[in-house]
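The values are calculated or read from the model by the stated rules, or taken from the named source; none is laboratory data. Here the structure is a predicted model, which means the values were calculated and not measured. Cβ placement follows ideal geometry from the backbone for every residue including glycine, while neighbour counts extend to all protein chains displayed.
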Amino acid sequence: MGSLIVGAVVLIVAVAVIIVSLQRNARGEEEEDPLQARLAEFIQRGDVTSLEEIELSQPFSERVIIPALNWVGRFSARFTPQKVIQDIARQMELAGNPWPIDPATFLTIRFILGVVLGGLAVAAFMGSATWSTTDKVMFIGGAAVGGFWLPQIMLSSRVTKRQKDIRKAMPDALDLLTVCVEAGLGFDAAMSKVAEKWETELSMAFARVIREIQLGKVRRDALKDMSDRLGIPEMTSFVAAIIQSEQLGVSLAKVLRIQSDQMRLKRRQRAEEEAHKAPIKMIIPMALLIFPTIMIIILTPAALQIMATFG
């Protein structure tokens, strides 16, 4: 009797295994593996023939460096204050996200670079007997601090350059918006024309607004988000004027014409301001480079005559 029960159990298990395997085969025939589908696509194109070649075809930075930095960044984010992460994310957004890394990874890169430059300074100065201990500590500390702040300086320069390019492109973009609206196009179509005509930071910002509107976001919210991403007072006032004209029913072409004139006036004022700053900026190179050379050229003949007279 016991043997019959054992045989029945074995038979039931065997039948169940067969049924499960048949279901898996059927599911595998119905649902194709996306990785295998991608591999088949590459094979049909004749580019590569295996997954290893697909992976090796990517740059070394995307295969090794960036994933490693992202892993370190995710690990360090557990011990980093959220306010610091938000500030770095805001600055990276203002810079246009120039690097494919997250804020935690960027902060990790700062620490790593500081440690690396500090270690190189230690290796360079610790074996030297001509430097005093105070000088060594100053140079090592300066190298570590410089390595820590170098990525932040690069990010800040990216933000400044991007905002400067946007300010420079705004008057021409607003002129094109005004012409398109006066010709009968809607504001969304006018922004599309601006995005198609130029390949600047401003045109890419307008293109993103158009995509967000097409995905269902309200135009008012899309424009406000654009002004927040750019962080420029001129763009904030422009967006506020557009939203106000839409709410109050004011002529959009007239508002765009006024905004265009104001932007062009501000650009002229910034150019005049930079021109007034030029003489002050020239003082330092003149004092360090030009004046000593002039003094050498003028006083050297007199010094030679005095030496010859009293020699």
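If you go through segment 153-182 and keep only what is aliphatic (A, V, I, L, M), without any contact (Cβ under 8 Å) to a residue 40 or more places away in the chain and outside the structural domain of residue 235 (by TED's automatic domain parsing), you end up with 153, 154.
Table: residues versus (1) touching a Leu at 6+ places or on another chain (Cβ under 6 Å); (2) of a type in the set (A, V, I, L, M); (3) under 30 Å from residue 179 (Cβ atoms).
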{"position": "246", "(1), (2), (3)": "no, no, yes"}
{"position": "268", "(1), (2), (3)": "no, no, yes"}
{"position": "279", "(1), (2), (3)": "no, no, no"}
{"position": "282", "(1), (2), (3)": "no, yes, no"}
{"position": "289", "(1), (2), (3)": "no, yes, no"}
{"position": "301", "(1), (2), (3)": "no, no, no"}
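Given the criteria among the hydroxyl-bearing types (Ser, Thr, Tyr), within 25 Å of residue 158 (Cα to Cα) and free of Cβ contacts under 8 Å to residues at least 40 places away in the same chain, does residue 203 qualify?
yes
Here residue 304 fulfils each of the conditions (1) exposed (fewer than 10 other Cβ atoms within 10 Å of the Cβ); (2) over 30 Å from residue 168 (Cα atoms) apart from (1). When residues in segment 244-256 are screened for being under 14 Å from residue 191 (Cβ atoms) and surrounded by fewer than 16 Cβ atoms within 10 Å (Cβ to Cβ), 1 of them pass.
Do any residues in segment 62-80 that are on the phi < 0 side of the Ramachandran plot and surrounded by 11 or more Cβ atoms within 10 Å (Cβ to Cβ) have Cβ atoms under 9 Å from those of residues that are modelled with pLDDT under 70 and among the acidic types (Asp, Glu), where the two are at least six apart or on different chains, and which pairs are they? Going by the 9 Å Cβ cut-off, the qualifying pairs are 63/55. Looking across segment 218-253 at every residue that is more than 24 Å from the chain's Cα centre (by Cα) and among the charged types (D, E, K, R), the one that is modelled with the lowest pLDDT is identified as 246.
Of everything in segment 81-97 that is surrounded by fewer than 15 Cβ atoms within 10 Å (Cβ to Cβ) and of a type in the set (S, T, N, Q), the residue that is modelled with the lowest pLDDT is 82. All of 148, 106, 111, 187 fail the test of being touching a residue at least 12 places away in the same chain (Cβ under 8 Å) and in the same structural domain as residue 228 (by TED's automatic domain parsing), apart from 187. Among the residues that make up segment 211-226, is at least one of them surrounded by 13 or more Cβ atoms within 10 Å (Cβ to Cβ) and touching a Gly at 6+ places or on another chain (Cβ under 9 Å)? No, there is no match, as no residue in segment 211-226 is surrounded by 13 or more Cβ atoms within 10 Å (Cβ to Cβ) and touching a Gly at 6+ places or on another chain (Cβ under 9 Å).
Conditions tested, residue by residue: (1) in a helix (DSSP H, G or I); (2) farther than 25 Å from residue 153 by Cα; (3) at pLDDT 85 or above.
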position	(1), (2), (3)
22	yes, yes, no
41	yes, yes, no
65	yes, no, no
118	yes, no, yes
121	yes, no, no
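Between 301, 285, which is assigned to a helix (DSSP H, G or I) and at pLDDT below 85? Exactly one residue qualifies, and that residue is 285. Just so you know, in segment 96-114 the residues that are polar (S, T, N, Q) and not in a loop (DSSP other than H, G, I, E, B) include one that is farthest from the chain's Cα centre (by Cα), and it is 108. Just one of the listed residues (184, 119) is under 30 Å from residue 251 (Cα atoms) and out of contact with any helix residue (DSSP H, G or I) (no Cβ under 8 Å at 6 or more places or on another chain), and it is 184.
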